[in-house]
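I have placed the structure first, in the form of structure tokens, so that the comments after it can refer back to it.
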Amino acid sequence: MRRSIWISTTCAAVLLVGGCATAADSSAATPTPENCAPVTSTDLATEDGWIGLIDQAPDTVSLVIDDGRGRTVEHRADEEQVLASAIKVVHLAAYAQAVADGTIDPNEQVPLIDWERWYVPGTDAGAHPAALDRLGIANDGIAATDTAATVRIDDMVTAMIQESDNSVPDYLRYRLGDQAIMDAAATGGWENFQVPSLVTDILSLYDPALADGDRWETAQRWAFDPQFRSQVSAAIQPSTYEEQADRVQSTFRGASAEQLNGMYRAFTDGTFGDASDTVVRQLEWQPAGDGVLGVGFKGGSLAGVLTQGFELRRNDGTVATAVWLIDGLPADRFEQAMTQFGVQQQLIVEAMFSPEVLDRIACVV
């Protein structure tokens, strides 16, 4: 049965050439069900096609689905894969902790110029101008037209989660410092978190040499050195899907579905204390269906990569979480995945609700 929960990508797809309730205790792994029917579909327009992807290309998938009622399905859960924009929930957690301890006032007005100095125009599939439109900020379809204007910092964070704006994470890193972000990850059980620079990651897709050296130093030069910014912008060359996919796999930092799922579990089990209120409010920006207090999610995409993270809080106080990471998608499969990811998201939500749907996935892991 389809749930009346509308979900869509929050992926910050890099522009390619040619976007609390108390949780249950940790669940035991669900054994492979008996009488599993073979899954032969490769059509990502169907749920069977997404399930079939696990069976047909197992080394490209890492997932954890914990229904919060004693059943968990895992596949390569501790293997590192690129997270793309799904990693932004760690920045969200650091922001939420700063709000909770009074370091940041969510109503603080930030000059647009301080936001957009971390922006790489034309590389985010329109996420930044879409956020400006939603927030009622005048823009030319690329950037704000009145850089003297200001915006609430909490609204900037909504842009990071809803449209998946790529400039907000580096703004928060600059504002809060690396230790605050690493501490937020550690609070969620993610030890030794390496803070990424989305600015440098994005630039390196077009100029791999920029991935060398100190990536945070490169990002700060982009933000504060107009001459460097101009030189890099002028030197940016179009790159093919295959080039970008190879650069993503070779230079972007990875993490496991288990680590990311632990963050979602911590957001809803009291681990983050008062900070959870801000995290959940930001993640659960869409209305939920019957029997549900809220559904929070954050996804991501890069060439060859599609990632999804979810938490679902039920009226009975139980919480389900899910993370599904995919990499290594060839161009044709990635194109289909980006048009049909809503089918995958619906499948994930159904698996968190339904033992029968969870069993269908357990049959192939």
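The values are calculated or read from the model by the stated rules, or taken from the named source; none is laboratory data. Computed from a predicted structure; not experimentally measured. Note: ideal-geometry Cβ built from the backbone for every residue, glycine included; neighbour counts use all protein chains shown. Keep in mind that these areas ignore ligands, DNA and RNA; they rest on the heavy atoms of the full protein, side chains included. Shrake-Rupley method; radii C 1.70, N 1.55, O 1.52, S 1.80 Å.
Determine the sum of side-chain charges near Ala130: Lys and Arg each +1, Asp and Glu each -1, restricted to other residues whose C-beta is under 10 angstrom from that of Ala130.
Net of charged neighbours comes to -3.
Using unit Cβ charges (K, R positive; D, E negative) and no other charged atoms, how large, in debye to the nearest 20, is the dipole of segment 262-316 about its Cα centre?
Rounded to the nearest 20 debye, it is 180 debye.
Report, to the nearest whole %, how much of the accessible area of segment 91-188 belongs to carbon and sulfur atoms, 1.4 Å probe, protein only.
49 percent
Rounded to the nearest whole Å³, what is the per residue volume of the convex hull around the Cα atoms of segment 144-204?
Once divided by residue count, the hull of segment 144-204 is 111 Å³.
What does the accessible area of Phe272 come to, in Å² to the nearest 10, when a probe of 1.4 Å is used?
Only protein atoms counted, so the area is about 10 Å².
Quick one: Cα centre-to-centre distance for segment 159-198 and segment 266-293, in angstrom?
18 Å
Work through the residues other than Ala93 whose Cβ is under 15 Å from its Cβ and net out their charges, Lys, Arg +1 and Asp, Glu -1.
Here the charged neighbours net out to -4.
What size of dipole, in debye to the nearest 20, comes out for segment 65-218 about its Cα centre when the only charges are +1 on Lys and Arg C-beta atoms and -1 on Asp and Glu C-beta atoms?
So the magnitude is around 280 debye.
How large is the dipole of the chain about the Cα centre if only Lys and Arg carry +1 and Asp and Glu carry -1, each at its Cβ, rounded to the nearest 20 debye?
In debye, rounded to 20, the chain gives about 380.
Which residue, chosen from Ala77, Pro33, Ala180, occupies the Cα position most advanced towards the positive end of the dipole of the chain, where the dipole is computed from +1 (Lys, Arg) and -1 (Asp, Glu) charges on Cβ about the Cα centre?
Result: Ala180, furthest along the dipole toward the positive end.
Which of Val157, Val365, Tyr171 sits closest to the plus end of the dipole of the chain, meaning its Cα is farthest towards the positive end, when Lys and Arg get +1 and Asp and Glu get -1 on the C-beta?
Val157
For Rg/Rh (Cα atoms, Kirkwood Rh), several values are listed as (i) 1.04; (ii) 1.01; (iii) 0.96; flag the one computed from this structure.
The value matching this structure is (iii).
I need the shape label for segment 119-272. Rule: rounded when a/c is under 1.5, else prolate if a/b > b/c, else oblate, with a, b, c from the alpha carbon gyration tensor.
Verdict is oblate for segment 119-272.
For q values of 0.12 Å⁻¹, compute log₁₀ I(q)/I(0) with the Debye formula on a Cα-only model of segment 181-311, without solvent.
-0.63
In segment 78-163, if every C-alpha pair distance is counted and binned at 5 Å from zero, what percent goes to each bin?
The calculated distribution, bin by bin, is 3, 13, 22, 24, 17, 12, 6, 2, 1, 0.
Tell me the volume per residue, in Å³, of the convex hull enclosing the alpha carbons of segment 55-110.
Hull volume normalised by residue count: 151 Å³.
Over the chain, average the accessible area per residue using a 1.4 Å probe and give it in Å², no decimals.
For the chain, the per-residue accessible area is 39 Å².
How far apart, in nanometres, would the label points at Ser354 and Ala331 be if each is projected 7 angstrom from Cα along the Cα-to-Cβ direction?
The modelled label-to-label distance comes out at 3.7 nm.
Using a 1.4 Å probe on the protein heavy atoms, what percent of the accessible area of segment 272-339 belongs to carbon and sulfur?
The C+S portion of the solvent-accessible surface of segment 272-339 is 49 percent.
Roughly how compact is segment 291-360, stated as its Cα Rg over 2.2 N^0.38 Å to two decimals?
Against the compact-globule rule of thumb, the ratio is 1.21.
Rounded to the nearest 500, what is the 222 nm mean residue ellipticity of the chain from helices alone, with -39500 (n - 2.57) per DSSP H run of 4+ residues and division by all residues?
-12500 deg cm²/dmol
Which of the listed residues, Ala320, Phe252, Trp216, is farthest toward the dipole's positive end in the chain, when Lys, Arg count +1 and Asp, Glu count -1 at the beta-carbon?
Ala320
In Å and on Cα atoms, what radius of gyration and Dmax does segment 208-280 show?
18.3, 48
In the full protein assembly as shown, how much of Thr46 is accessible to a 1.4 Å probe, in Å² to the nearest 10?
50 Å²
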